[in-house]
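*Asks:* Can you read through this structure? Questions will come right after.
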Amino acid sequence: MALVQDEFVYRGRTVSAEDIAFIGQLIADHPGLSRRRLSAKLCAAWNWVQANGQPRDMVARSLMLELHRAGHIQLPERRCCPPNNAIRHQAPASQSVAAKAVPLEYSLAQLGQLEICQVRRTLAERLFDSFLEEHHYLGYTRPVGEHLKYLIFTRGQPIAALAWSSAPRHLKPRDRFIGWSGPQRRAHLHLLAYNCRFLIAPWVKVPHLASHLLSRVASQIAADWQSLYQHPVWLLETFIDPERFRGTCYKAANWIYLGLTTGRGKDDQTHQPNRSLKQLWVYPVRADFRRQLGVPDHGFTP
């Protein structure tokens with residue numbers, strides 16, 4: 001980690017040379033504490049919390065580790081190596097519903113009532129994970145950061161799933177569309193949600209179902225995010241691989257196409273494309289989304 005002048009920004013917080021000295025003194029004052037307990041003390045000292053009031057313990061621990069590796073502080077020896085939860089959750093136990101599924105080929109009106117269930121932190125979450133792992137072409141990977149999971153049921157069976165996660169930090173077309181500055185983006189990025197998975201079961205053949213579900217979920221996601229994380233989301237976004245899809249359902253649901261990604265990925269250090277280009281689409285949850293994101297509202301035209 002190279003310091004820029006006397007301070008740098010880490011996960012939305014400005015860290016100064018005085019802050020680094022404070023961390024070093026914190027470690028010196030508590031020589032018997034583990035890295036985990038030191039990060040908890042740092043969160044308490046800085047009042048470094050998430051929007052829901054929970055300490056940003058993992059972020060603090062990551063910052064301390066970066067400073068340790070750069071030689072700015074000296075952490076105590078690691079006492080244990082806990083399992084990597086991201087890896088552990090990548091392959092959910094199978095709860096296949098395909099064997100019991102009844103093929104559905106109807107019009108949207110004939111399909112009947114749809115039950116849209118947010119299943120994050122519920123007993124149905126494992127079913128969601130297994131459903132994606134079995135039927136989505138990318139499989140299941142646990143979403144990053146704050147996230148919601150929706151299962152859609154009809155006629156007693158799940159027929160679709162949508163996963164939403166924290167938004168990528170830097171997307172030039174999106175940031176230009178919003179019109180926010182670097183500090184505004186860092187302060188309000190948590191108010192965006194990224195649609196990282198969308199699946200309609202292969203045995204479901206219902207025209208216009210995909211765009212209908214996108215619209216239905218968009219109408220309730222702000223309240224659902226508020227319920228789980230104590231803050232809403234005001235802009236939705238997604239990537240579409242143009243080699244596989246045309247984005248028809250997003251266009252039909254009034255999403256806005258902003259252009260292609262750079263193909264470099266979020267952790268790029270080479271500034272050279274290393275993956276296929278994706279289309280970037282966004283959907284404002286409300287017309288004054290820019291004002292909600294800390295940017296003077298210049299009006300919005302879909």
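The values are calculated or read from the model by the stated rules, or taken from the named source; none is laboratory data. In this text the structure is predicted, and so the values were computed from the model without any measurement. Cβ: placed from backbone, ideal geometry, glycine included. Neighbour counts: every protein chain shown.
*Asks:* Go through Arg142, Arg174, Arg216, Arg197 for me and flag whichever is within 21 Å of Gly247 (Cα to Cα), in contact (Cβ under 8 Å) with a residue 12 or more places away in the chain and in contact with a His (Cβ under 9 Å, 6 or more places away or on another chain). Step through it out loud before you land on a result.
*Replies:* Numbers: Arg142 fails: within 21 Å of Gly247 (Cα to Cα); Arg174 fails: in contact with a His (Cβ under 9 Å, 6 or more places away or on another chain); Arg216 fails: in contact with a His (Cβ under 9 Å, 6 or more places away or on another chain).
Testing whether each residue is within 21 Å of Gly247 (Cα to Cα), in contact (Cβ under 8 Å) with a residue 12 or more places away in the chain and in contact with a His (Cβ under 9 Å, 6 or more places away or on another chain) leaves just Arg197.
*Asks:* Which of (1) modelled with pLDDT under 90; (2) more than 25 Å from the chain's Cα centre (by Cα); (3) assigned to a helix (DSSP H, G or I) is the odd one out, the single condition Arg61 does not satisfy?
*Replies:* (2)
*Asks:* Quick one: in the range 256-302, of everything that is within 18 Å of the chain's Cα centre (by Cα) and in a loop (DSSP other than H, G, I, E, B), which residue is modelled with the lowest pLDDT?
*Replies:* Within the range 256-302, the match that is modelled with the lowest pLDDT is Asp267.
*Asks:* Additional query: Would you check if Glu125 is acidic (Asp, Glu), more than 30 Å from Gly294 (Cα to Cα) and surrounded by fewer than 18 Cβ atoms within 10 Å (Cβ to Cβ)?
*Replies:* On the way: acidic (Asp, Glu): yes; more than 30 Å from Gly294 (Cα to Cα): yes; surrounded by fewer than 18 Cβ atoms within 10 Å (Cβ to Cβ): yes.
In short, yes.
Let's see how each residue does on (1) modelled with pLDDT of 90 or more; (2) in a helix (DSSP H, G or I); (3) within 29 Å of the chain's Cα centre (by Cα); (4) not basic (Lys, Arg):
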| site | (1), (2), (3), (4) |
| --- | --- |
| Asp19 | yes, yes, yes, yes |
| Ile27 | yes, yes, no, yes |
| Ser39 | yes, yes, yes, yes |
| Gly53 | no, no, yes, yes |
| Pro82 | no, no, yes, yes |
| Ala93 | no, no, yes, yes |
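*Asks:* Tell me the residue from Trp180, Trp234 that is of a type in the set (A, V, I, L, M, F, W, C) and farther than 28 Å from Thr122 by Cα, please. Don't jump to the end; show me each part of the working.
*Replies:* Details: Trp234 fails: farther than 28 Å from Thr122 by Cα.
Exactly one of Trp180, Trp234 is of a type in the set (A, V, I, L, M, F, W, C) and farther than 28 Å from Thr122 by Cα, namely Trp180.
*Asks:* Filter the range 245-255 for residues that are among the basic types (Lys, Arg) and modelled with pLDDT of 95 or more and give the result. Steps first, answer last, please.
*Replies:* Start the filter on the range 245-255 by keeping residues that are among the basic types (Lys, Arg), which leaves 246, 251.
Listed by number, the list holds a single entry, Lys251.
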